[in-house]
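Please read the structure below before turning to the comments.
Derivation of every value follows stated rules applied to the coordinates shown; laboratory data play no part. Every value quoted in this text rests on a predicted model; they were computed, and no experiment measured them. Glycine also receives a Cβ, built like all others from the backbone with ideal geometry; neighbour counts cover every protein chain displayed.
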Amino acid sequence: MSISFVIADDHVLMRQGLIQLLSADSDLKVIGECGDGIALIELVLKLNPDVVVMDISMPHMSGLVAIDKLLAQRPDSKVLVLSMHDEQEYIEAMREAGAKGYILKESSGDKLISAIKAVANGRTTFPDSVEKNLDMHNTTKYLNPVSVLTRREREVFFLVVAGNTSRKIAELLAMSLKTAENHRSNIYKKLQVSSSAELVRLAGKAGLLE
């Protein structure tokens, strides 16, 4: 039985190349593609793929926000992140958000195919550098703001960092302005900052700026 998957990447040529590469494997079947986080969520909820292959840097809604929203609506989604970002902070942030795997775009086609099959079969696959550091995680944890935030707060966090106002965040997340402002206030308190500018600087130090 073939493994169905969807691909989300904002570069059309990258998507087309990946589809051509992966479709050559008889065990894999692409059933959808898109170029941004919002479209990805709609696509996954409609098509129910076995695996979601997604980038982090996408317009309208980044992968860091999209994975939270997706898993909130479809918790059993198996997400494999395909990204150019090799910083440990990005990898760990996606792992904590619920991704089952993370592979770099510089990897070989065979490695990507193996990663998709591994995730589809319930296994996890992350870069060796992250796997080796997991045992040391509690004692040598780097600054990772999202680790202390709730799922909803993480969504607001990345939208604030992207420069959105509370009113725009309320619109994007379908919540009241007051709720958006409360989330923003809670994030500031938890991360001990007093402005969006400080939040952006904190995100930058943690390697979470795209």
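Quick notes on this one:
- Ranked list, fewest to most other Cβ atoms within 10 Å of each Cβ, for M1, M84: M1, M84
- Stokes-Einstein D (µm²/s) once Rh is taken as the Kirkwood radius of segment 52-105 over alpha-carbon pairs, at 20 °C in 1.002 mPa s: 196 µm²/s
- Straight-distance candidates among the lysines for linking to K29, with alpha-carbon spacing under 18 Å and chain neighbours fewer than 8 residues away dropped: K46, K78, K111, K117.
- With respect to the chain, whose longest principal axis is taken over its alpha-carbon atoms, helix 151-161 is tilted by about 80°.
- Here segment 142-210 and segment 13-92 have alpha carbon centers that stand 23 Å from each other.
- log₁₀ of I(q)/I(0) at q = 0.29 Å⁻¹ - segment 1-64, Debye sum with one point per alpha carbon: -1.26
- Ratio of Rg to Rh over segment 145-205 (Cα coordinates, Kirkwood Rh, two decimals): 0.92
- Ignoring aspartates and glutamates fewer than eight residues from K189 along the same chain, the ones with Cα atoms less than 18 angstrom from its Cα are E153, E155, E181, E198.
- Checking every one of the GluC sites (Glu not before Pro) in segment 59-102 against DSSP loop status and a limit of 16 other Cβ atoms within 10 Å picks out E87.
- Ordering of 145-155, 25-35 by packing is 145-155, 25-35, highest average first (other Cβ atoms within 10 Å, averaged per residue).
- Degrees separating the helix 196-205 axis from the principal Cα axis of the chain, which is the longest one: 50 degrees
- For the chain, the C-alpha radius of gyration divided by 2.2 N^0.38 Å, with N the number of residues, is 1.02.
- The alpha-carbon of K190 sits under 20 angstrom from the alpha-carbons of these lysines, leaving out residues fewer than 8 places away in its chain: K141, K178, K205.
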